[in-house]
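The values are calculated or read from the model by the stated rules, or taken from the named source; none is laboratory data. Everything quoted here is computed from the prediction, not taken from an experiment. For neighbour counting, all protein chains shown are included, and Cβ atoms are generated from backbone atoms with ideal geometry for every residue, glycine included. Surface accessibility is based on the protein's heavy atoms, side chains included, excluding ligands, DNA and RNA. Shrake-Rupley method; radii C 1.70, N 1.55, O 1.52, S 1.80 Å.
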Amino acid sequence: MEKHKFQMKCMSSIRAWVATFLTLLICLPAYAQNRVVTGKVVDTAGEPVIGANVKISGSTTRGTITDMEGNFRLEAAPNEKLTVTYIGFNEAEIAASSTTLHIVLNEDNLLLDDVVVVGYGTQKKATLTGAVSYIKSEDLAITKNENVINMLTGKVPGVRISQKSSRPGGFESDIDIRGMGEPLIVVDGIPRDKDYFSRMDANEIESISVLKDGSAAIYGLRSANGVILITTKGGGK
């Protein structure tokens, strides 16, 4: 009788261990499913895309945005996909099969006929070969802010904005291109200071072009950190 009880007790312990083992086997894939995925989002010129939206495809809550260097960090399963979006670029969908991703966004072909102001005149966006970014007034106005400089945040690759004060009426924001320092600001062909630009009415701006390479050299030594060209709307607009 005692032997039978002992055998039953052993069988019960074995069953408990087997059940625990099977539970662990079932749980392990679930724990291994989500892991941290890191990556960098750039444009076709290799410029980091700041403020690009990166989310799990089909999800409205699982996502993040790229930082000042175009980098992001997000939890995703190997069988999931990431959707990357940014103003002026085509949407990209990338499999999260790797934990390190390098994502290149292509410009929206519908925008290639836009006329871009550059230092030596105007060009169609499709024919630009230099590092020039362009933003239209409607894209700028998406963000509501009393400071036009802050409205550029996350809209132009390579341009970094740092808001230094949240004080109402405060216009203390730093702007630089590729981390090189404050760029030259030109409004309708006239050099202006940062304070003038920050206090402009966004509704009066037609477009903004950002010159990041040798195309800015026409403006001389002051263009060493790049040039921001602002074109305002005509009186009839």
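Things worth noting here:
- Check on residue 54, open to solvent by 20 Å² or more (accessible area, probe 1.4 Å), of a type outside the set (S, T, N, Q), under 12 Å from residue 96 (Cα atoms) and at pLDDT 90 or above: no
- Number of residues in the range 133-192 that are open to solvent by 50 Å² or more (accessible area, probe 1.4 Å), assigned to a strand (DSSP E or B) and either modelled with pLDDT of 80 or more or closer than 22 Å to residue 54 by Cβ (or both): the value is 6.
- Here residue 80 fulfils each of the conditions (1) at pLDDT 80 or above; (2) open to solvent by 70 Å² or more (accessible area, probe 1.4 Å); (3) of a type in the set (D, E, K, R) apart from (2).
- Of the residues making up the range 31-45, those that are surrounded by fewer than 17 Cβ atoms within 10 Å (Cβ to Cβ) and either modelled with pLDDT of 85 or more or of a type in the set (Asp, Glu) (or both) are 35, 36, 38.
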